[in-house]
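Worksheet: the structure to be examined is printed underneath.
The values are calculated or read from the model by the stated rules, or taken from the named source; none is laboratory data. For clarity, every value in this text was computed on a predicted model and none was experimentally measured. Backbone-built Cβ (ideal geometry, glycine too); neighbour counts: all protein chains shown. The protein model used for the area step is the full one, side chains on, heavy atoms only, and it has no ligands, DNA or RNA in it. Shrake-Rupley method; radii C 1.70, N 1.55, O 1.52, S 1.80 Å.
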Amino acid sequence: MADDAVFDKKKAHRAKLAGRKAEKKKKKNQVDQSNLSARQRNPKAFAIQSAVRAERQFRRREDVIAKKQHIPQVDKTPLEPPPIIVAVVGPPRVGKTTLINNLIKSFIKTNVTSTNGPITIVTSKKRRMTLIECNNDINSMIDIAKCADLVLLLCDASFGFEMEIFEFLNICQVHGMPKIMGVLTHLDMIKNAKKLKMTKKTLKHRFWTEVYSGAKLFYLSGIIHGEYLRNEIKNLSRFISVMKFRPLSWRLTHAYLLADRLEDITNQESIRKDPKTSRDVVLYGYVRGVPLMKDSAVHIAGVGDMKISELSYLPDPCPLPNSEKKRHLMERERQIYAPFSGVGGIVYDKDAVYIELKGSHSHKIEDEETNEKKALLKNVVETKETLDEQMQDTGFKLFSGGAVIYPDMLKDDEYLNHNTNNEKNKSLDESTSETESDSDNDSGIDQSEKDTDVKLPWNNNFESEDDDNDEDMDTDEKLPKNASKIDDVHSSDDDEEEEDFNIKWKEKLSEKATMAYFERQRTSRNIMKLVYGEFEIGNKTKEPEESEGQSDEEEIGGLFKKVTSTQKKKHKEKEQLDLDECSFFYSLDKPKLRDWLNEANKQLIANSFVTGKRSADEDAAELLKLDDASDGDDEMYGDFEDLETGEKHEGEQKTEENKEISSKRKAEPTKSEILNKKLKLKAKFDAEYDNPDDHRIKGDHSYYENLKAEALKQSELNKSVFENLDDGLRIEVEGFRPGLYVRMLFKNMPSEFVTNFDSSYPLLIGALNMAEQNIGFVSCKVKKHRWYKKILKTNDPLIISLGWRRFQTLPIYSKIEDDLKCRYLKYTPQHVTCNMHFYGPITPQNTGFLALQTVSNNSNEINKLGFRIAATGSVNEINKSTQIMKKLKLVGTPLKIYKKTAFIKDMFTSTLEVAKFEGARVKTVSGIRGQIKKALNKPEGAFRATFEDKILMSDIVFCRTWFKVDVTKFYAPVVNLLLPVGNKNAWEGMKTKGQLKRERNIMNDANKDSMYTEIVREPKVFKPLVIPKELQKGLPYKLKPKVKTTTLTKNNRKPSILANKVAVIKSPHEQKISNVMKMLKTNFERKVKVQKATMKERIKKHKKQQEAEEWQKIKRQKELKKKICRQLSKMSSKKQKQM
Amino acid sequence: MPATVHNDVLIYKGSNLFRQRLLLSTLSGRSIKIVEIRSSHDDPGLKEYEVNLIRLLDKITNGSRVELSETGTSMYYQPGILIGGQVSHSCSTQRGIGYYLEVLLALGPFCKEPLNAVLQGVTHHNLDVSVDKVKAAALPILLKFILVDDGLELKVVRRGAPPLGGGEIVFKCPVRRHLRPLQWTKWGLVKRIRGVVYALRVSPTMANRVVEAAKGVMLKFLPDVYINTDQCRGPNAGKSPGFGVSLVAETNENTFYCAEAKSAESGAGETTLPEELGRACALTLLDEIHRAGAVDSAFQWLVALWMALGQKDVSECVVGPLSEYTIKFLQHLKEFFGVMFKLEALTDDDEDSSEDEDKVTTAQKIKMTCVGIGYVNISKRTL
């Protein structure tokens, strides 16, 4: 063996040292293999083996990707979002209140005694939430579903899902599905462990089919000391606080707020005089959805459409903590704000407000804030706030009683003095109001309000509210006092003066402020002033009277200049009043244009042409120069040579990069700047192209990516564009952005709204977009709900929840035919969608709605119905008129018939009607078709018609036409919030006739024909038999009908004959004769009888004799036959023998 | 003149800006009342062309209500729903078709059915934008908002000069559910100049002379100048004689500036020299180019309108100095829709530093920024 080994020594492998292979290997080893993926090291192994399989893999991957894609939406969540609304929904007695209490306790570590209305709490550094409980009223359920971000759906596990849960889920589906988490309670009621498991499982699966499979369902296993288990609640609260939300289309286009505080600021005196007087109500809440425009109309669910008469924002009553680097919330930052529950410093009594001062954290917070603001103020360069806002800030400081006094504090005082003077002036003008205000100040509320003013940061509007009360005519006294008032002061001065004043102020505030910024601010403000005039900024609503008031003041001031200027303005206005409208730049007067051919002027615009000199960042020569300058860094690009992409991408990238650099660059970019830029670009490039694993075939998602990028860009722009605008102007331009806490004043609210206020009902205020406050005909598609027991009838009142509104209306159902005609239907079809028209508020297309037949909580009715949601659907179209056609069959009868022409009557009532139908097709029952020709003169409404064949007099003629049905103009909002407390769920609108009759016990008269009566059967009476005379002649006399003796009269005749019978009295002789005749007759009869009997006997005897003879005869014959037969057989046998 | 609001009805005074008010009222669905219409004039009340406009609005809407007082000095207008569709309208010859066309252009995207309007009347008028200008400068703007051009079209079938008119155009506009937000802050440099010269019932040489003059001016700035002549004959030439020119400057960022000039009316007694006309038009165009901005100054208001009617997103556009008409329009936008623009005069920092001598003379640029009101086309049908 060893020898073998020696001889069998194999040649060792000798690697090539030169040649193609060696070069290849060398090249390969140059690149560091260690951090390459297998795919890169050995690309052949990963090459496509089977085209079909690769195609399938690719297709599957693309499918998965496509499934994940959604249409990119512009993210509209503001930087500081409003608290999320967490609604706790469920049937009564499942533990909703307990859950809320426990959640609050777990989040902010305090016990809350009463939970009424929305409760806002700070849950984390970035998130707040508003907890609200939904009571067992379908109206509340609808409103909650419209505003909730997250719904905790509580369910009593020992009972199972109740109808309310399914109803609520259905409502949610219609109005935009919020996030839903199920919570099972009362699990401790199920003692059997196996049963418990089963219950959990079945409930979970039922829940999944309703929401989506995999929806989160929580189990709260039991109550200990009236509380759920702590770690279960903790778990739940963790889930809540990391919940993410997807935007819903309705809320992406509408602003809304859930009011969490309500004040009635009507004059107490007028209430005393007339308790039913319409009220001025102030509602507070966080703006949600999209920015709320100042003068948009709103709908208060359960009350109706309202116009906001004043809208302003307030400091956040429950602010997020400052963005300091901390892991957890500080104890004092865990705030709660729930005015309806009497938490958060304010307790509400019937007609007074009590403020708890000690427990409030707001005080401290305020301090902190102000300190920070002070720090900010010191270097104003960073702050982008304008004077007005800073004034506001200083104002707060003043009231907070914070320790430090600023250098400009003095100015403030001055200003305040000024202001009070101003007010005094006004009050002199209106001495009556002065006294009024005095008397008002005496009332207790005012005092308390003053207190709030001092203590609570969000209440700084109270004073101005007072002012509103006091001086009804001074409408310019609006919210954050300082800002507004300083404006007034300024506006009463000259414009120039104002400017100067402003500048001085600004200098006072910060010397460091860059002049450029102010200049820019000023110029921009000037243009806006030019366009919008003296608009007020921010926190006030514009009032038309104001300007007049100002001009009055000016006149009082006695400035002649002012007066003349106003006159001039008026004169100019008058001149412009009736000018011809023209959209040109030089509208009517043609100015003398600059002579552009002049060399000096020519220079001005020479650079507007492509032939002119470009700006530095676009000029090719400059760019080239720049490239040369930065050539030193170009090595950087050397190190990424991609196998496939390399060259091409590099080239593209370069030009792109050039552009980007140059566009951002100033005239002389420093080298470091260029370097920076290039590094950044390289990183971007690397991210895009240097992904080592991505050598697979990829689908083209550029369309989707572009959409996404566009949406992202837009959302960034939305966030950034107004960022450094001062708040007042920003609100003016953008509206009240979501997250702001606003105060809205409504004038002329019904008094029932205040007197019957119940905080357990959600107070949803939804803004209406353009044209949505108008009313028109809405066409929508609708489907009766499968679980609803009845079918819906046309023109039966229906309560519809659409958009923000709930209203009752009279719908008409129809079906869209193939020619797009709406054919009237009397009832909704069972399981298919149909069309529905109703008269109601104009709402954008594709908005979902649901329909109910009743919203009242009458348990009887609910039990009868089972499921209350009658139908669901969505809006198709809005119009100001409708075209619903109902089939109509007109019926007529022939009057006279000629060959193929016939006169038809009874189809129309007048010649005019006929004229309308000339040429229409008609048809007889037997199917003969024809046409209406012309009206006849004589019977009104008759006409001539021709047919394809001769019709019969007995034919009925039809004309099939359409009849337009009008939609009844009935629209009644559900005003359940105005109903008395405890009765709010009993709203009843229009009733059907049937309902009314049932209620009043009105019965229809029953059909006579349907009634049961005694059956009387008359005997059949036949007609007399009449024999024709001719026939009678031929009959024998016996059969001839005798004179007036008919079968019919036989019965009747007898008595009459008897009655006519005359008694015949015979003479004795005749008597004798008749006696003899009688005797003879008797004798004869006897004789005949005897003879008959004897004859019978005789015949009998004779028959017997004859029979015997017959027998004899037969006997003989038989014997003879026998004889003969014997003989015959003998003979035959003989014959056989012979043979 | 700010409106007073009474019962949610906006009350205006005077006949000025009549068209703006009706237009905005129709879009916003808010009723308006206009009082004191030429009440102190010798000829009080609405003029024929204004009544004609009301008729046109009535044709393209459903459910509008117009109440005129007996003297015609006050009117009440309750807008209906925009229907659009096939419309044929003979415009008043007191104003050009442009007067009506601009309204249709503004309303077009919000109709129920795509608009297909045939307008007859004066195609070129001193007070109004000509149809050429709308076609050249306004349609590209609309295209920026609707993005896809499915049937946006303006066809000049016949031209008609004042006073008798006789022109005819066909305007088609697609409908949209909502407009896209627009960011348009660059307008680039003028890269080509095009133009049309028309001669109606006058000698064709007139047109050629106009071309020569206009070209003469423009060639001093740019070599790429082409001006077509449109010699209309027979019925295509309308009913009155006249000639005119419109020049369009296109930039490399798809901005179109348009200037136009036309001869004086035939009966006026004054004569217009074609050379002068051409030169005047060219100078107007240069003026327009000097003012710059992303849109032509005559259509600033259209951009403002469509920006305001966009989705609830930020739109930006840089325009030249605001025209008086645009300022009025912005005020009206605020009154009808409550939308306020942030207007910012741009200081061209780059130019300041590089070319100081230029700084003084460049026309003011204004950056208009607004958040759309989230207007949706409520009349469109969904299936």
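Taking the condition of being open to solvent by 70 Å² or more (accessible area, probe 1.4 Å) and of a type in the set (D, E, K, R), how many residues in region B:227-245 meet it?
So the count comes out to 2.
How many of the residues making up region A:761-792 are in a strand (DSSP E or B) and hydrophobic (A, V, I, L, M, F, W, C)?
8
Read through the list (1) within 9 Å of chain B (Cβ to nearest Cβ); (2) open to solvent by 10 Å² or more (accessible area, probe 1.4 Å); (3) within 20 Å of the chain's Cα centre (by Cα), then give the number of the only condition that A:E732 fails.
The number of the failed condition is (3).
Mind counting the residues in region B:166-215 that are open to solvent by 50 Å² or more (accessible area, probe 1.4 Å), touching a Cys at 6+ places or on another chain (Cβ under 9 Å) and over 30 Å from B:N377 (Cβ atoms)?
Of the residues in region B:166-215, 1 are open to solvent by 50 Å² or more (accessible area, probe 1.4 Å), touching a Cys at 6+ places or on another chain (Cβ under 9 Å) and over 30 Å from B:N377 (Cβ atoms).
Could you pull out the residue among A:Y824, A:Y741, A:Y813 that is modelled with pLDDT of 90 or more and touching a Lys or Arg at 6+ places or on another chain (Cβ under 7 Å)?
Details: A:Y741 fails: touching a Lys or Arg at 6+ places or on another chain (Cβ under 7 Å); A:Y813 fails: touching a Lys or Arg at 6+ places or on another chain (Cβ under 7 Å).
Selected residue: A:Y824, the only one of A:Y824, A:Y741, A:Y813 that is modelled with pLDDT of 90 or more and touching a Lys or Arg at 6+ places or on another chain (Cβ under 7 Å).
So if I check each of B:K144, B:K135, which one is basic (K, R), at pLDDT 90 or above and under 18 Å from B:G167 (Cα atoms)?
B:K135
Considering only residues that are free of Cβ contacts under 8 Å to residues at least 40 places away in the same chain and within 12 Å of another protein chain (Cβ to nearest Cβ), look in region A:701-729 and name the one that is nearest to A:K294 (Cα to Cα).
A:F722
So which of B:K112, B:K133 is touching a Phe, Trp or Tyr at 6+ places or on another chain (Cβ under 9 Å), surrounded by 22 or more Cβ atoms within 10 Å (Cβ to Cβ) and touching a residue at least 60 places away in the same chain (Cβ under 8 Å)?
On inspection, the qualifying residue turns out to be B:K133.
Got at least one residue in region A:698-710 being at pLDDT below 85, touching a helix residue (DSSP H, G or I) at 6+ places or on another chain (Cβ under 7 Å) and open to solvent by less than 40 Å² (accessible area, probe 1.4 Å)?
Yes, that holds for at least one residue.
Every residue in region A:1062-1089 that is in a helix (DSSP H, G or I) and of a type in the set (S, T, Y), please.
A:S1074, A:T1082
Looking at (1) at pLDDT 90 or above; (2) farther than 30 Å from A:T833 by Cα; (3) buried (at least 16 other Cβ atoms within 10 Å of the Cβ), find the lone condition where A:K783 falls short.
Every condition holds for A:K783 apart from (2).
Of the conditions (1) at positive phi; (2) assigned to a loop (DSSP other than H, G, I, E, B); (3) open to solvent by less than 30 Å² (accessible area, probe 1.4 Å), B:G121 satisfies every one except a single condition; which number is it?
So the condition that B:G121 fails would be (2).
Output the residues belonging to region A:267-301 that are touching a residue at least 60 places away in the same chain (Cβ under 8 Å) and of a type in the set (S, T, Y).
A:T277, A:S278, A:Y284, A:Y286, A:S296
Please work out if A:K1023 is part of a loop (DSSP other than H, G, I, E, B) and loosely packed, with under 10 Cβ neighbours inside 10 Å. Even if it seems obvious, please write down each step before you answer.
Details: part of a loop (DSSP other than H, G, I, E, B): yes; loosely packed, with under 10 Cβ neighbours inside 10 Å: yes.
Yes.
Kindly list, by first and then second residue, each pair from a residue in region B:36-58 that is over 30 Å from B:Q86 (Cα atoms) and at the interface with chain A (Cβ under 9 Å from one of its Cβ atoms) to a residue that is basic (K, R) and not in a loop (DSSP other than H, G, I, E, B), limited to pairs with Cβ atoms under 8 Å and residues at least 6 apart or on different chains.
Between residues of region B:36-58 that are over 30 Å from B:Q86 (Cα atoms) and at the interface with chain A (Cβ under 9 Å from one of its Cβ atoms) and residues that are basic (K, R) and not in a loop (DSSP other than H, G, I, E, B), the close pairs are B:E36/B:K13.
Would you confirm whether or not region B:26-45 contains a residue that is more than 18 Å from B:L333 (Cα to Cα) and hydroxyl-bearing (S, T, Y)?
Within region B:26-45, one or more residues are more than 18 Å from B:L333 (Cα to Cα) and hydroxyl-bearing (S, T, Y).
In region A:758-780, how many are open to solvent by less than 10 Å² (accessible area, probe 1.4 Å) and farther than 15 Å from A:P844 by Cβ?
Final tally of qualifying residues: 4.
Quick check on my filter: what residues within region A:180-209 are open to solvent by 20 Å² or more (accessible area, probe 1.4 Å) and under 24 Å from A:G873 (Cβ atoms)?
Correct list: A:T209 only.
The rows are residues; the columns are (1) within 9 Å of another protein chain (Cβ to nearest Cβ); (2) open to solvent by less than 10 Å² (accessible area, probe 1.4 Å); (3) out of contact with any helix residue (DSSP H, G or I) (no Cβ under 7 Å at 6 or more places or on another chain); (4) at pLDDT 90 or above.
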site	(1), (2), (3), (4)
B:L247	no, yes, no, yes
B:E265	no, no, yes, no
B:P274	no, yes, no, yes
B:W301	yes, yes, no, yes
B:A304	no, yes, no, yes
B:E324	yes, no, yes, no
B:K334	yes, no, no, yes
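Just to confirm my filter: which strands (runs of 3 or more DSSP E) fall fully inside region A:793-873 and include at least 2 residues that are over 20 Å from the mean Cα position of the chain (by Cα) and not basic (K, R)?
A:812-816, A:822-825
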